[in-house]
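Remarks on the structure that follows.
The values are calculated or read from the model by the stated rules, or taken from the named source; none is laboratory data. Keep in mind the model is a prediction, meaning the values are calculated, not measured. For neighbour counting, all protein chains shown are included, and Cβ atoms are generated from backbone atoms with ideal geometry for every residue, glycine included. Just the protein is used for accessible areas: all its heavy atoms, side chains included, with ligands, DNA and RNA removed. Shrake-Rupley method; radii C 1.70, N 1.55, O 1.52, S 1.80 Å.
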Amino acid sequence: MTLINDRQMAKLSPDRSTLIWNLKQDLLDIVDEAKAAELALLEGFGETDRTIEALDQLTEIAEQAKERFSQLSIVQIRIAESQPIAPQDLLTLLDDRIGAISGRVPALKQSTQEIKVDWNLS
């Protein structure tokens, strides 16, 4: 008879878990920053022909960050549900998503900053 305590659960390494949580925090920060810039732009200049492109870009930045946050969360949940160990294809998917998202985060941050500078938003 196997006891529950003797079973190995599908868990990520502490380093990988920390990396995921840091990426998710970065993505949340991007959503917050883009939405704050969007509000500042609307309050300062309104929705006009001049601002519509920047407003659309900020909305798209926030949407991209939210989608990537969701992707990481879904894979995390699937791994946690995998018992007794996570399948290799899920771990590979996670690593692929981590790599892609890690490469995209700086660009999303930079895009928001450029819009803020262009419109003199703080």
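Quick check on the chain: what are the equivalent-ellipsoid semi-axes from the Cα gyration tensor, as sqrt(5λ), descending, whole Å? Intermediate values should be presented prior to the final figure.
Details: eigenvalues 316, 27, 24 Å².
Working from the Cα gyration tensor, I get semi-axes of 40, 12, 11 Å.
Carbon-plus-sulfur accessible fraction, the chain (probe radius 1.4 Å, protein heavy atoms only): 52%.
When the Cα positions of 62, 28, 18 are compared along the charge dipole of the chain, 18 comes out farthest toward the positive end, with charges on each C-beta of Lys, Arg, Asp and Glu.
What does the accessible area per residue of region 1-111 come to in Å², with a 1.4 Å probe and no ligands, DNA or RNA counted? All intermediate terms of the calculation are to be shown ahead of the outcome.
On the way: 7130 Å² over 111 residues.
On a per-residue basis, 64 Å².
What shape does region 49-90 have by the C-alpha gyration tensor, where a ≥ b ≥ c are the square roots of the eigenvalues, rounded means a/c under 1.5, and otherwise prolate means a/b greater than b/c and oblate the rest?
On the way: a/c = 10.06, a/b = 5.45, b/c = 1.84.
Because a/c hits 1.5 or more and a/b exceeds b/c, region 49-90 counts as prolate.
Comparing 72, 28, 90 in a Gaussian network model of the chain (Cα springs below 10 Å), the most mobile by mean-square fluctuation is 90. Considering only 102, 73, 13, the mean-square fluctuation computed in a Gaussian network model of the chain, springs between alpha carbons under 10 angstrom, is largest for 13. In the elastic network of the chain, a GNM with C-alpha springs shorter than 10 Å, the most mobile of 71, 88, 110 is 88.
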